[in-house]
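**Q** Structure in structure tokens, see below.
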Amino acid sequence: MSAVLPHPGDHAHDDHHAQPHGWRRWLFATNHKDIGTMYLLFSFTMFMIGGVLALLIRSELFQPGLQFVNPELFNQFTTMHGLIMVFGAIMPAFVGFANWMIPLQIGASDMAFARMNNLSFWLLIPAALMLAGSFFMPGGAPAAGWTIYAPLTMQMGPSMDAGIFALHILGASSIMGSINIIVTILNMRAPGMTLMKMPLFAWTWLITAFLLIAVMPVLAGAITMTLTDRHFGTSFFNPAGGGDPIMYQHIFWFFGHPEVYIMILPAFGIISAIVPAFARKKLFGYASMVYATASIAILSFIVWAHHMYTTGMPVTGQLFFMYATMLIAVPTGVKIFNWIATMWKGSMTFETPMLWAVGFIFVFTMGGFTGLILAMAPIDIQLQDTYYVVAHFHYVLVAGSLYAMFAGVYYWGPKWTGVMYSETRGKIHFWGSLIFFNITFFPMHFLGLAGMPRRYADYPMQFADFNMWATIGAFGFGLMQVYFFLFVVLPMMRGQGAPAPQKPWEGAEGLEWEVPSPAPWHTFENPPKLDATATRVVG
Amino acid sequence: MATDAQRKANLRTGWILAGLAALFGVGFVVRIIVFGG
């Protein structure tokens with residue numbers, strides 16, 4: 001039974017209900033679905049820009065020697081690739097998912113602060129323009145790494161200020177988005193949707209939003225201090241004036257490590273929705289999944305210095321951060337085992353969303369294991385700033401966050417667009433991406449173990465073969481994403497394909513499947529009455 | 001649609017969270033200025 005009100009046109013007497021058309025619909029958007037769509041399109045655009053930068057990096061590294069770019073420009077590419085992917089692609093993409101799905105999943109009519117939601121999105125545009133435009137400023141784009149470490153930040157041109165301002169704006173957008181998500185979840189759930197009946201995706205976002213509120217202001221503080229060091233004569237981090245660059249690292253990673261979980265917890269939520277749907281079983285250990293998510297979030301605040309073993313910290317410090325980091329494997333393991341237990345003896349089918357979900361579990365776990373290896377101080381001291389680290393975090397962020405997003409697009413895309421994607425094309429996208437991803441990043445483990453440092457435009461001849469393979473894989477992976485846009489996303493957006501039923505997936509559960517496909521502009525305007533499991537509307 | 005009571009509750013929760021964010025940001029900087037790294 002649908003809880004959707006009649007067509008919006010029936011409410012034309014009330015301006016709030018009338019659906020605007022043309023550019024006003026998007027510029028003045030307050031509807032969570034429209035804003036979600038804009039977030040997703042924006043993040044995909046940034047993903048493609050960051051991807052082009054990645055391919056420029058890989059082109060330079062195809063062979064030893066300097067082929068296309070000088071080392072200064074290479075540093076700008078690596079810095080901007082990281083900043084754009086983290087702040088422009090992954091984070092906004094998950095906010096897009098949250099905008100689309102959280103109100104639908106908890107039976108709310110919209111986000112709590114619809115106008116602030118609009119502002120959160122539109123702040124992204126000037127920030128992105130400033131980031132991308134910094135390439136054209138005197139001295140080029142920021143080149144201090146995505147971590148914008150002092151004292152490199154003291155040596156950058158005016159683009160560093162533009163980068164800092166862009167990060168401030170992106171941070172403000174994230175904080176507003178987080179407040180919106182928390183208030184929506186805490187205050188706007190349908191009657192009967194208790195916290196412990198909420199879909200895991202909403203739970204993971206609730207915890208992620210608290211993480212964002214806690215750490216984004218810390219980053220804002222750190223980069224503001226960087227700004228005052230650059231222009232106002234302070235010396236927080238500038239060693240030339242008695243400042244401490246190591247302190248910057250501590251502050252940055254106090255933000256930076258929770259940030260890693262900000263980029264992966266919503267992915268866990270998406271996978272926790274998809275695995276039960278295609279195993280046709282209830283999620284195994286729902287409560288333990290919630291507690292594991294909260295545990296990961298809490299632990300993320302006490303592990304930051306595992307990024308800094310080589311800065312000369314005392315052995316007791318190394319031991320603390322080593323054991324604390326290894327402790328995170330426990331709640332993460334709970335999640336992995338729960339997904340496997342959900343699949344165990346399930347009536348499984350492998351449509352595209354499930355392929356991505358299983359691919360996520362397998363490849364993300366590999367990234368998790370290399371994370372454990374890097375957590376050990378004696379090993380990390382050898383591997384610090386090598387390609388082993390690059391391989392590790394790409395296994396977590398590409399095979400983790402990005403795979404989960406693709407899984408989510410295939411799983412909820414029919415609900416968003418009202419069109420089923422082509423299974424054949426979805427599977428080509430999955431298998432192509434999986435193969436090329438591993439061709440790109442698996443050899444990087446060997447490069448790192450052999451001692452190849454990251455962020456260098458050149459390398460000795462001994463690293464040539466693996467680098468060549470990595471570059472071939474990167475271009476293949478990029479090609480698969482162009483294929484995804486042209487042959488999966490565009491046809492769905494244009495309405496080309498079989499009409500999607502209200503619930504395309506036999507085993508799927510949740511309120512989002514109680515509304516027609518595509519989801520109407522207004523849903524759950526009156527709080528729906530739910531059954532005892534809070535997964536069905538009964539009146 | 002949100003009721004008036006819900007809107008008030010939303011605003012209250014929103015301001016509390018915004019205050020928390022401001023406290024984290026300003027508090028962190030003040031702590032470093034006053035007590036050092």
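**Q** Largest first, how would A:Asp380, A:Asp458, A:Asp465 line up by accessible area (1.4 Å probe)?
**A** Ranking A:Asp380, A:Asp458, A:Asp465 by accessible area, largest first, yields A:Asp465, A:Asp458, A:Asp380.
**Q** Length gain on complete extension for the stretch A:Thr228 to A:Asn438, per 0.36 nm per residue less the alpha carbon to alpha carbon distance?
**A** 71.3 nm
**Q** Now, a different point. Once both axes come from the Cα atoms, what is the angle between helix A:91-106 and the longest principal axis of chain A, in degrees from 0 to 90, rounded to 10?
**A** The helix A:91-106 is inclined about 20 degrees to chain A.
**Q** For region A:224-323, what % of the accessible area comes from carbon and sulfur atoms, probe 1.4 Å?
**A** C and S atoms contribute 72 percent here.
**Q** With charges set only on the Cβ (+1 for Lys and Arg, -1 for Asp and Glu), what does the dipole of the protein assembly as shown come to about its Cα centre, in debye to the nearest 20?
**A** Computed charge dipole of the protein assembly as shown: roughly 900 debye.
**Q** Along the charge dipole of region A:363-493, which of A:Pro414, A:Tyr456, A:Tyr387 sits closest to the positive end, that is, farthest toward it, with unit charges on the beta carbon of Lys, Arg, Asp and Glu (+1, +1, -1, -1)?
**A** A:Pro414
**Q** Ok, one more. Give the angle, between 0 and 90 degrees and rounded to the nearest 10, that separates the Cα long axis of helix A:403-417 from the longest principal axis of the Cα atoms of chain A.
**A** 30 degrees
**Q** With charges only on Cβ, +1 for K and R and -1 for D and E, what is the dipole size of region A:410-535 about its Cα centre, in debye, rounded to 20?
**A** Dipole of region A:410-535, to the nearest 20 debye: 300 debye.
**Q** Follow-up. How large is Rg over Rh for region A:399-539, taking Rg from the Cα atoms and Rh as the Kirkwood inverse mean of 1/r across Cα pairs?
**A** 1.17
**Q** Using the alpha-carbon atoms, what tilt in degrees (0 to 90, nearest 10) does helix A:200-231 show relative to the longest principal axis of chain A?
**A** Approximately 40 degrees, to the nearest 10.
**Q** In the full protein assembly as shown, how much of A:Met461 is accessible to a 1.4 Å probe, in Å² to the nearest 10?
**A** Its heavy atoms expose roughly 140 Å² to the probe.
**Q** Any chance you could run the full-extension gain for A:Leu119 through A:Lys282? It's 0.36 nm times the residue separation minus the Cα-Cα distance, nm to one decimal.
**A** 54.9 nm
**Q** Another one. Starting from the Cα-Cα distance between A:Met348 and A:Trp26, subtract it from 0.36 nm times their residue separation and give me the gain in nm to one decimal.
**A** So the extension gain works out to 111.9 nm.
**Q** Peptide A:173-185: average number of partner chain Cβ atoms within 10 Å per residue?
**A** Other-chain Cβ atoms within 10 Å of each residue's Cβ, averaged: 3.
**Q** Which FRET efficiency, nearest 0.05, do A:Val330 and A:Ile379 yield, Cβ-Cβ r, R0 25 Å?
**A** So, using R0 = 25 Å, E works out to roughly 0.80.
**Q** Restricting to DSSP H runs of at least four residues, report the calculated mean residue ellipticity at 222 nm for the protein assembly as shown, -39500 (n - 2.57) per run over all residues, nearest 500 deg cm²/dmol.
**A** Using -39500 (n - 2.57) per qualifying helix, the result is -21000 deg cm²/dmol.
**Q** With bins 5 Å wide starting at 0, give me the P(r) of region A:360-475 over every alpha carbon pair, in whole percents.
**A** Percent of Cα pairs in each bin: 2, 11, 18, 20, 16, 12, 8, 6, 4, 2, 0.
**Q** In the calculated pair distance distribution of the protein assembly as shown, what percentage of Cα-Cα distances lie above 42 Å?
**A** Cα-Cα pairs of the protein assembly as shown separated by over 42 Å account for 19 percent.
**Q** Right, here's the next one. Give me, ordered by chain and number, the residues 5 or more places off A:Phe237 or on other chains with an amide H under 5 Å from its own placed amide H.
**A** A:Asp244
**Q** Something else now. Quick one: if you stick a label point 7 Å off each Cα along the C-beta vector at A:Met493 and A:Leu449, how many nm between them?
**A** About 4.2 nm, to one decimal.
**Q** In square angstrom and rounded to 100, what buried accessible area do you get between chains A and B, total over both, with the probe at 1.4 Å?
**A** Buried area (both sides, nearest 100 Å²): 1700 Å².
**Q** Give the lysines reachable from A:Lys282 as a straight Cα distance under 25 Å; neighbours fewer than 8 places away on the same chain don't count.
**A** A:Lys197, A:Lys335, A:Lys345, A:Lys415, A:Lys503, A:Lys529
**Q** Kindly identify residues of region A:195-217 having a loss of at least 50 Å² in accessible area between the isolated chain and the assembly of all protein chains, probe radius 1.4 Å.
**A** Buried by 50 Å² or more upon assembly, which counts only protein chains, are A:Ile213, A:Pro217.
**Q** Put +1 on the Cβ of each Lys and Arg and -1 on the Cβ of each Asp and Glu in chain A; which of A:Trp23, A:Phe301, A:Val489 then has its Cα farthest toward the positive end of the dipole?
**A** Farthest towards the positive pole: A:Val489.
**Q** For region A:472-539, give the magnitude of the charge dipole about the Cα centre (Cβ charges: +1 Lys/Arg, -1 Asp/Glu; no others), in debye to the nearest 20.
**A** Using Cβ point charges on Lys, Arg, Asp and Glu, region A:472-539 gives about 200 debye.
The values are calculated or read from the model by the stated rules, or taken from the named source; none is laboratory data. These numbers come from a predicted model, not from an experiment. Please note: Cβ atoms are built from the backbone with ideal geometry, for glycine as well, and neighbour counts cover all protein chains shown. These area figures cover heavy atoms from the full protein model, side chains too; ligands, DNA and RNA do not enter into them. Shrake-Rupley method; radii C 1.70, N 1.55, O 1.52, S 1.80 Å.
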